[in-house]
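Contents: one structure, followed by commentary.
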Amino acid sequence: MPSGKHATADDWVKYLILRRGGESMRQAAIKAGVNYHSARDNESGRTSTRAWTQAKEQVDKIGVSTIPAFNDLPPEVQEAHQNIEAFALRYFGIILQPWQMEATEHIFALLDSPQEEYTVINAPPGSGKSTFFAKVIPAFATCRNRAIRGMIGSSTQRLAEWYTRRLRAEFEREHVARAELNDEKLGLAVDAERTMQQDFGAFKPDAKEIWRADAFTVLQPDDQPLSQKEPTWSAFGMDSGFLGGRFDLVIWDDVWDPRKMRNSESRSDMYRWWDEVAETRLEPGGLFILNGQRMSSDDIYRYALDKKTPLDEDDMVEGGMVSEENSERDASFPVETPPSAAHEESKYHHLKYKVHYEDRCQGDHGVDATPYPEGCLLYPRRLPWRRVRHIKAQTPDRYEILYQQEDADPSSVLVDPVWISGGVGNDGVDHVGCWDNDRDLWELPMYLPSEPIIVASADPSPSNFWALQCWAYVEDSNYRYLLESYRQKMDAPSFLDWNHEQQTFTGIAEDWWQISNDMGTPIQYWIVEANAAQKFILQYDHFRRWASTRGVELVPHYTHSKNKGDPKYGVQMLAPLYRTGRVRLPGKQGTAARPHSLLLVNEVTKWNPEGTGSRTDDCVMAQWFFEHNLEKIYTPEVESVRQWRPSWLG
């Protein structure tokens, strides 16, 4: 328009209608005959002319909304509205893989459920999962339902805001996305065909709604105000001071940072935060997604997958909701528990995508090979076999965890994780598992075939962490019930001391004895490594007095290379106990039982004779002390058999 002509209110009304119809700022200005720079200043709030204000009031008054209804959309846009593959290609130029379309089907089936749903999705690094789950899925969900309230979370607030800023930019994009040259060359992406606002109408609202990097609200049909509700999408990091609001769709992406989870206290703090903060932000009927690659056997993904919820009668009749081949439900029912304990299911659905599927492998490993589920490679172009084969050969442990989404390499560790969780292993055996999901710390099953022997063990260290455990051994069933597992920095007085002023014993040993005595089965033996026992314990007169008063016997354990590596009496003797479910671990939900048990589980599922895998082995050693010395402190009663002989021989 001529620079000397002022835009009237009618001109701005036409401009606003075009903008809400999905036109870019520049195209709307040209068609409405207004100055582009004036339009930009008015929309940003830097200026607000009288004509602009009148036009906004008029548009709001008549309820102008050009957000098209589904039936008014062209066929190709309706296809994009319903099909995630067409949606990603049309607006982002991304060529989705079969596993991503399979995951989408799973996600939106759960989102349509009237119940709160939780799911863990594990996929290898380099498979494009962050772009897919933090950009494509949220955009697809918003176009289908503008009233959705979503949250994108990550390990830090800064990273979460980067995700929402990128998503917000897509909603206000004026030009179609162009594929990067390398992605186009590899066949990973093409140029997009349209922008979302061109097909679905404007998404950016008037200035009265928030449109920030950490939170934004999209324009609603008929310009309905939503200022009193949560934004359409919000960003939160684990380091945020406060996690507020409730959401229909919660997506946590790559929240586990192994650099920050190097000790049991940090892991326990995160588990507690996850229970008390992260999981409580879901609206009834909402969907909670935890997405990322596996990092270790005690990461947040394993913690979530081990969560159980009780089944009511309707659930037991209807059965599980997800039945896809790759959807896993970890069912670990206890062996000696009341029948009601078996009426549980995993709280989280599980979608696990491996980089390579051995059972589907036909030797076709080219970049143009058919991907999963028809082929054996998940994403042949992004994760080609040449790269996968190199990682598998050079770092097999890293390959099994990061790329195959396993807790550890089952062939190289002391205990296969499936022996603990239960289920069919690679050997085809259906393992009963080791979790007692209704048992808390310092609890035993209600009915036991015989009186248990209570034994505590300790692997002390003069400068590092002590690993302490308490076990109940039942002779008739040959089961070992873990009562407590404890690992932290401590010294000899923290283990046991004498308070002269109060004339009482203090420390872990006394506390545990009192707890076990209240159970009616006091600790009878303490097994401690010999050198540590002599240096930290036996030199103190109060320990001898305490042992005599409490009726506790100290059993020193001698560790040397010969007995530690012995296939019959060494650490390897623990493996068959887990494989047959003879080790029973307390795992009651909502208590400290499972986190304490995971201190031991994390080590036995990573320990190997070469010393690689788990960063620590204190808990493994404490259990081995108990098993190795069990025959010394327990001698089964054997009924003597008298051979027949003639009476005259007597």
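Cα-Cα over 19 Å: which of K135/K392; K489/K632; K14/K56? Those over the limit are K135/K392; K489/K632.
Fully extending the segment from T591 to D191, taken as 0.36 nm per residue of separation minus the present Cα-Cα distance, adds 138.8 nm. Listing Y525, Y91 from fewest to most neighbouring C-beta atoms within 10 Å gives Y525, Y91.
Filter the chymotrypsin sites (Phe, Trp or Tyr not before Pro) in region 373-455 down to the DSSP loop ones having no more than 14 other Cβ atoms within 10 Å, then list what survives. Mind dumping the intermediate values first?
Values: sites: W385, Y399, Y403, W419, W435, W442, Y447; in loops: W442, Y447.
Here the chymotrypsin sites (Phe, Trp or Tyr not before Pro) that fit, given the DSSP loop and packing criteria, are Y447.
Rg then Dmax, both in Å and based on the Cα atoms of region 158-212: 13.9, 44. Highest-first packing order for the peptide set 70-83, 243-256 is 243-256, 70-83, based on the mean count of other beta carbon atoms within 10 Å. From least to most packed, judged by other beta carbons within 10 angstrom and beginning with the fewest, D199, D511 follow the order D511, D199.
Extents of region 435-633, taken as max minus min of Cα coordinates on every principal axis and listed largest first, are 49, 40, 32 Å.
Grab the beta carbon distance between N517 and R398, set R0 = 51 Å, and tell me the FRET efficiency rounded to 0.05. Please report the intermediate quantities before stating the final value.
Details: r = 47 Å, r/R0 = 0.91.
Efficiency, from the Cβ-Cβ distance: 0.65.
Here r is the Cβ-Cβ distance between E79 and F108 and R0 is 22 Å; the resulting FRET efficiency, rounded to 0.05, is 0.90.
With the cut-off at 26 Å, tell me which of the pairs K354/K588; K308/K352; K308/K354; K204/K260 have Cα atoms farther apart than that. Cα-Cα > 26 Å for K354/K588; K204/K260; rest within.
Quick note: the coordinates plus some simple rules give every number you see, no bench work behind them. From a predicted model like this one, the values you see are computed outputs, not experimental measurements. Every residue, glycine as well, gets a Cβ built from its backbone with ideal geometry; the counts of neighbours run over all protein chains shown.
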